[in-house]
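Have a look at the structure below before the remarks.
The values are calculated or read from the model by the stated rules, or taken from the named source; none is laboratory data. Please read these numbers as outputs of a predicted model, since none were measured by experiment. Ideal geometry is used to build each Cβ from the backbone, glycine not excepted, and the neighbour counts take in all protein chains shown. Note: accessible area is taken over every heavy atom of the protein model, side chains too, but ligands, DNA and RNA are not part of it. Shrake-Rupley method; radii C 1.70, N 1.55, O 1.52, S 1.80 Å.
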Amino acid sequence: MTDPRRKSLGPGPTRRVTQLSDLCRSPGGARDRQLQRGEAVTTHDTQEGWTEITAQRDSYTGFLRTADLADLEAPTHRIAVRATHAYPEPEMKTHELVQFGFGSEVKVLDERHKFFETDAGFIPKPHLRPLDRPFQDPVTVAQIFFGTPYLWGGNSAFGLDCSALVQIACLACGIACPGDSDQQEAELGSPTTDLRRGDLVFWDGHVGWMVDEATLIHANAHHMATAYEPLEPAIKRIEAQGDGPVTACKRL
């Protein structure tokens with residue numbers, strides 16, 4: 001059976017996202033995921049201000065606001081801290097143009113003393129990382145999001161859900177990763193029983209990263225945030241609230 005989140009729509013022009021944008025299941029409908037600045041999408045039909053797209057990161061399909069798409073040049077760097085600002089000049093005291101979250105992508109045009117000039121404005125040098133230098137540890141990336149608010153369907157430093165925490169961390173490390181937890185359980189890693197840092201623990205509709213052999217980090221609705229939680233109490237709490245037992249433990 002074809003996954004409706006990955007339906008084949010045929011080839012179309014590539015465009016890029018200009019700002020954090022909701023990927024909706026229908027024009028103006030419910031949010032399924034989000035895409036960030038610089039992400040490439042294959043575009044299909046446009047109707048009443050909405051464009052049907054396929055996200056090139058994971059083949060997820062849906063509708064984005066047409067106004068959030070443009071013919072941007074291919075990015076060279078990603079935001080490598082939880083959030084940053086782009087400025088109109090290489091000066092931190094100027095009024096910021098826009099805020100970007102971890103994983104947003106920009107094209108560097110020039111280098112100044114403390115800033116890179118990008119196609120989105122001037123961004124502090126320490127906040128950017130070349131796309132050809134992926135992170136090495138997805139859990140380190142996940143830990144950047146500690147305290148981030150929980151947001152159903154969210155995919156950014158301003159709000160995210162459990163599967164987004166897994167996908168963002170994997171993609172930052174150059175690991176292909178689908179967008180939803182059921183897909184992740186089916187496609188990522190191999191089963192394991194001796195849990196260690198970097199392993200994934202799945203429930204029906206939920207997933208978290210192991211920070212060590214006894215501690216989970218996960219974006220969850222109990223804390224309404226990305227939080228650390230001892231694994232055994234988490235297992236008992238999740239089952240007690242009616243969401244069932246652990247369904248899989250996987251090692252990348």
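Listing for the model above:
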| read-out | value |
| --- | --- |
| For Ala74: the one exception among (1) within 29 Å of Phe145 (Cβ to Cβ); (2) touching a strand residue (DSSP E or B) at 6+ places or on another chain (Cβ under 7 Å); (3) open to solvent by 30 Å² or more (accessible area, probe 1.4 Å) | (2) |
| Residue identified as surrounded by fewer than 19 Cβ atoms within 10 Å (Cβ to Cβ) and in contact with an Asp or Glu (Cβ under 9 Å, 6 or more places away or on another chain) among Val108, Val81, Val98 | Val108 |
| Residue in the stretch 208-215 that is of a type in the set (D, E, K, R) and free of Cβ contacts under 8 Å to residues at least 60 places away in the same chain present | yes |
| Strands (runs of 3 or more DSSP E) wholly inside the stretch 1-72 containing at least 2 residues that are among the charged types (D, E, K, R) | 14-17, 31-35 |
| Given (1) within 23 Å of Ser59 (Cβ to Cβ); (2) within 18 Å of the chain's Cα centre (by Cα), index of the condition Gly189 fails | (2) |
| Some residue of the stretch 30-48 being modelled with pLDDT of 95 or more, farther than 23 Å from Asp3 by Cα and more than 16 Å from the chain's Cα centre (by Cα) | no |
| Checking Leu188 against (1) closer than 20 Å to Leu151 by Cα; (2) open to solvent by less than 20 Å² (accessible area, probe 1.4 Å), the condition it does not meet | (1) |
| Verdict on Gly205 being open to solvent by 40 Å² or more (accessible area, probe 1.4 Å) and closer than 29 Å to Ala55 by Cβ | yes |
| The stretch 211-234, residues that are open to solvent by less than 40 Å² (accessible area, probe 1.4 Å), farther than 20 Å from Asn155 by Cα and among the hydrophobic types (A, V, I, L, M, F, W, C) | Val211, Leu231, Ala234 |
| Residue ID - nearest to Gly38 (Cα to Cα), chosen from residues in the stretch 171-183 that are in contact (Cβ under 8 Å) with a residue 40 or more places away in the chain and open to solvent by less than 20 Å² (accessible area, probe 1.4 Å) | Ala172 |
| Which listed residue is among the polar types (S, T, N, Q), touching a strand residue (DSSP E or B) at 6+ places or on another chain (Cβ under 9 Å), in contact (Cβ under 8 Å) with a residue 24 or more places away in the chain and open to solvent by 70 Å² or more (accessible area, probe 1.4 Å), from Gln47, Gln19 | Gln19 |
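This table checks each residue for (1) modelled with pLDDT under 95; (2) charged (D, E, K, R); (3) farther than 24 Å from Ala164 by Cβ.
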site	(1), (2), (3)
Lys93	no, yes, yes
Leu97	no, no, yes
Phe100	no, no, no
Lys114	no, yes, yes
Pro124	no, no, yes
Arg133	no, yes, no
Phe146	no, no, no
Tyr150	no, no, no
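Yes or no, residue by residue, for (1) in contact with a Gly (Cβ under 7 Å, 6 or more places away or on another chain); (2) of a type in the set (Asp, Glu):
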position	(1), (2)
Ser181	yes, no
Glu185	no, yes
His206	no, no
Ile217	yes, no
Asn220	no, no
Tyr228	no, no
Ala234	no, no
Ala240	no, no
